[in-house]
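Written below as structure tokens is the structure these notes are about.
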Amino acid sequence: MKKTRGIVVAAFLAAVLAASKYALDGLPNIELVSLLIILYTLEFPSLVFPAVYTYLLVYGLLNGFGLWWFPQLYIWALLILLARFARENRSVLLWALLSGIFGLCYGALYAVAHAFVAGPAGGVAYWVAGIPFDFVHGAGNFAAALVLFSPLRRCLQRVKRAALPHAL
């Protein structure tokens, strides 16, 4: 029963990631995935990797597994590791800064994979061309985390208490 609940909760978390991504797809580089992954890392540390990689699998199945998909395999893992490293932090402002800086750096992190396909100059060109979008991404992540971090964390704590009472 314990393992089944964990699988169901990880699937639920992945579904929330996908729903949030699709809900905001019309807004360029505005997303809640970064914030949700930070919160999942804090509230569901043993389920964050299964949830994120299930989301990535679903996202790839729905949109295709093009070259754009593969960098996400390491980009989101990096965010999880950064959030785990800072997990003792209690400042919403610091979490908003982490999310904002991560959004700002997303294009550079993505360009690393692009450099393997197009060469170093192609990777740099890809990154430089996307800098305006990275600023929007960073600002959107910062604002979303500043406003939504605490309420979403409370919601996830409720989910954890209800779905995984043995984990407390």
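Quick rundown of the values:
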{"item": "Hits in the stretch 1-19 (condition: open to solvent by less than 20 Å² (accessible area, probe 1.4 Å) and within 14 Å of L57 (Cα to Cα))", "result": "A10, L13, A14, L17, A18"}
{"item": "Out of I75, I80, I37, sole residue that is touching a Ser or Thr at 6+ places or on another chain (Cβ under 7 Å) and open to solvent by less than 70 Å² (accessible area, probe 1.4 Å)", "result": "I80"}
{"item": "Residue among L78, L35 that is without any contact (Cβ under 8 Å) to a residue 40 or more places away in the chain, touching a Leu at 6+ places or on another chain (Cβ under 8 Å) and under 21 Å from A108 (Cβ atoms)", "result": "L78"}
{"item": "Residues that are modelled with pLDDT of 95 or more and small (G, A, S), drawn from the stretch 50-84", "result": "A51, G60, A77, A83"}
{"item": "Flag for G26 being without any contact (Cβ under 8 Å) to a residue 60 or more places away in the chain and open to solvent by less than 60 Å² (accessible area, probe 1.4 Å)", "result": "no"}
{"item": "Subset of the stretch 51-71 [open to solvent by 10 Å² or more (accessible area, probe 1.4 Å) and of a type in the set (S, T, Y)]", "result": "Y53, T54, Y59"}
{"item": "So Y126, is it over 19 Å from the mean Cα position of the chain (by Cα) and not hydrophobic (A, V, I, L, M, F, W, C)", "result": "yes"}
{"item": "Residue that is nearest to E43 (Cα to Cα), among those in the stretch 85-124 that are hydroxyl-bearing (S, T, Y) and not in a loop (DSSP other than H, G, I, E, B)", "result": "S99"}
{"item": "Matching residues, the stretch 113-160, being farther than 20 Å from E31 by Cβ, surrounded by fewer than 18 Cβ atoms within 10 Å (Cβ to Cβ) and in contact with a helix residue (DSSP H, G or I) (Cβ under 9 Å, 6 or more places away or on another chain)", "result": "A115, F116, V117, A118, A121, G122, V124, A125, V128, Q157, V159, K160"}
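The values are calculated or read from the model by the stated rules, or taken from the named source; none is laboratory data. Quantities reported herein were computed from a predicted structural model and do not represent experimental measurements. Here the Cβ is made from the backbone with ideal geometry for all residues, glycine too, and neighbour counts use every protein chain on show. SASA here: full protein model, heavy atoms, side chains in, ligands and nucleic acids out. Shrake-Rupley method; radii C 1.70, N 1.55, O 1.52, S 1.80 Å.
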